[in-house]
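Chemist: I am attaching a structure below and will ask some questions about it afterwards.
Read-outs throughout are calculated quantities, based only on the coordinates presented, and are distinct from any laboratory measurement. The shown structure was predicted, so the numbers you read here are calculated from the model rather than taken from an experiment. Methodologically, a virtual Cβ is constructed for each residue, glycine included, from the backbone with ideal geometry; neighbour enumeration extends over all protein chains shown.
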Amino acid sequence: MDVQTYDPKKVTVNINGRVITGFASDGIITLNHNEDIVTPSVGAQGDVAYAENANNSGNAALPLMSTSSSLAFIRELCAKRKAVRFSVSDANDADAIQVSEENCRILKMPDVPRGKEQTTVTVNVYIPSLNYR
């Protein structure tokens, strides 16, 4: 039996040179592509053809605690409406990944919840070309 250990402390998210901290208990990051990489077509007699999709864009969802000190930094970047450098480094032995991309954008100003307890604020980053290394 192959048993793997995963340590969330070995995952680092960086935006414009700053390490992001204060992640919520939901996780650290979810990376996903915006579209399927291929579209299959099946003919009347069962013949299959594939159309490759050139859209390699993706999104990153960062669930942060509403008390995260990184939120002020992210809100400032969002207000400037500028492209940002975005990177993720996962140094875990099982399924380690590296993502490092330029010209990314924070999609919208993060929510500003105020209440009795801290909540989760999700920051969404658009990645024009999401490549796993």
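Chemist: Please give the net charge around GLN118, taking every other residue with its beta carbon less than 15 angstrom from that of GLN118, where Lys and Arg add +1 and Asp and Glu add -1. Please list the in-between numbers first.
Modeler: Numbers: positive: ARG114, LYS116; negative: ASP26, ASP111, GLU117.
Net of charged neighbours comes to -1.
Chemist: If packing is taken as the average number of other Cβ atoms within 10 Å across a peptide's residues, how do 65-75, 112-122, 15-25 rank, most packed first?
Modeler: Ranking the peptides 65-75, 112-122, 15-25 by packing returns 65-75, 15-25, 112-122.
Chemist: Measure nothing fancy, just the Cα-based angle from helix 70-80's long axis to the longest principal axis of the chain, in degrees from 0 to 90, nearest 10.
Modeler: Compared with the principal axis, the helix lies near 70 degrees.
Chemist: How big is the gap, in Å, between the Cα center of segment 91-120 and the Cα center of segment 1-37?
Modeler: With segment 91-120 and segment 1-37 each reduced to a Cα centre, they are spaced 8 Å.
Chemist: Along the principal axes of its C-alpha atoms, what lengths does the chain span, in descending order and rounded to whole Å?
Modeler: Sorted from largest, the Cα extents of the chain read 62, 45, 30 Å.
Chemist: Here is a follow-up. Report the net charge of residues surrounding LEU31, where surrounding means a beta-carbon distance below 15 angstrom and charges are Lys +1, Arg +1, Asp -1, Glu -1.
Modeler: -4
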